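Take a look at the structure set out below.
Read-outs throughout are calculated quantities, based only on the coordinates presented, and are distinct from any laboratory measurement. Not measured: the values here are computed from a predicted model. Reconstructed Cβ throughout: ideal geometry from the backbone, glycine too, with neighbour counts over all protein chains shown.
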Amino acid sequence: MAARPPPEGDPPQARIVPPPEFLSWPGPRAVLAALPGARAVGGCVRDALAGLPVRDVDVAAPLPPEAIAERLRAAGLKVFETGLAHGTVTAVLARQPVEVTSLRRDVATDGRHATVEWTTDWRADAARRDFTINAMSLSAEGDLWDYFGGREDLARGVVRFVGDPATRLAEDYLRALRFFRFHARYGRGAPDPAAVAAIRAAVPGLARLSAERVWMEIKRLLEAPDPCDALALMAATGVLAAVLPEAVEGGRAARLPALRRLVAAGLPPDPVLRLAVLVGEGPPRRIGVLAARLRMSGEERDRLARLLAEGEAPPEPGLDDDEARRLLALRGADAVDALWLAEARDGRDRAADRARAAATPVPVFPLTGADVLALGVPEGPRIGALIRAVRDRWLAGGCTADRATCLAWLRELAGAAAV
């Protein structure tokens, strides 16, 4: 790829040698070659400099979106106008999607949305981004533009707003939640005090955010390797009470110590499971209100309700094979999660039980209602009662009885009931 000189008056701050590997991927390489002056931006630059895997590549270009789309198509890329009104298209080559956005400057903001205009000013585009670590850009040759000290902040483990924190938050209050997510992944040591003070003052503005955006940020935070310090900071600033009041009692995240314990023990970065630990069990109505307020998907809502159902005594530690099979038969895919939640409730180590449950095939009850009908039992509530009675015996025996044995029990029960 032919090297391009940087725009006059906008020299790079450094050159990365060798250039990050993602710049040589077919998709990003073709996009950057097709758009004069384009650069990789945002998370791919941040993660490459942090030595982390790069998954998604974003590119910005000093061209209006229509010109971007035209040039990309002329270069043989598939182009999807995924956000043309916001200056964004998605280019695809070799199954690698690359989001390409026109450089923008904010004309007006209201705390949730921004009105923008296209620009050719890279610094102005960087100045509208949230944090310094997300405001860097990189040419195809590895030239780095870092207008606000993001590379140094990344090395120090500091998440810092671009410019005035209060101004950045007033532009989009979701940035308060994004701060905690990025602090959990990239922060080390004490958080930036100016950011924390501005976020504490901005808590009332969080009420203006859509539930979908809030839940998406909470999920991403809970997926961090260890979100606990960030959650503690959210509680201390009042943010957690504003967006997840179910996790707060007496002004503090009451179940955070349990979550911290489990994360240290290897609790997987599963946001619904970690949310269940954080909010604790409760009546279905409470869980339903939480799921509805966050606009969780139906699958997420149902799983949370199963995990937090009241009335199920936590299994005692030290499951034998029969008990492990019973738990799996009753809880299915939720069995290992149930053991994590039991440990969250009582603090008793169940690592060995989780390993046993994970290694045990889920037993399947071998009878159905058709087997009852085949005995001549007429349709009605008696069919369900007989199946439940046989299943209870099967469970009591550790779920080891085969189909022939269960059929013999069924004939015995059906005959006894007919007398």
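When the Gaussian network model of the chain links Cα atoms closer than 10 Å, the mean-square fluctuations of PRO378, PRO20, PRO227 top out at PRO378.
Taking every alpha-carbon pair under 8 Å whose residues sit at least 6 apart, the chain reaches a relative contact order of 9 percent.
Pairing the Cα long axis of helix 65-74 with the longest principal axis of the chain, what angle in degrees results, from 0 to 90 and rounded to the nearest 10? Approximately 80 degrees, to the nearest 10. With the biggest extent put first, the Cα atoms of the chain measure 97, 53, 37 Å across the principal axes.
Computed extension gain for ARG55 through ARG200, at 0.36 nm per residue and net of the alpha carbon distance, reaches 49.0 nm. Classify the range 1-156 from the C-alpha gyration tensor, please: rounded if a/c falls under 1.5, else prolate or oblate depending on whether a/b exceeds b/c. In terms of gyration-tensor shape, rounded. Build a GNM of the chain with springs between Cα atoms under 10 Å apart, and of ALA359, ALA135, ALA202 the one that fluctuates most is ALA359. Remark: the chain carries a charge dipole of roughly 240 debye about the Cα centre, counting +1 on each Lys and Arg Cβ and -1 on each Asp and Glu Cβ.
Averaging the sequence gap over all C-alpha pairs within less than 8 Å and six or more residues apart, then dividing by the number of residues, gives the range 317-419 a relative contact order of 31 percent. Take the Cβ atoms of THR368 and LEU84, set R0 to 30 Å, and the FRET efficiency comes out at 0.05.
Say we join alpha carbon atoms closer than 10 Å with springs in a Gaussian network model of the chain; which of ARG252, ARG326, ARG382 then has the biggest fluctuation? The residue with the greatest mean-square fluctuation here is ARG382. Helix 284-293 and the longest principal axis of the Cα set of the chain meet at an angle near 20°.
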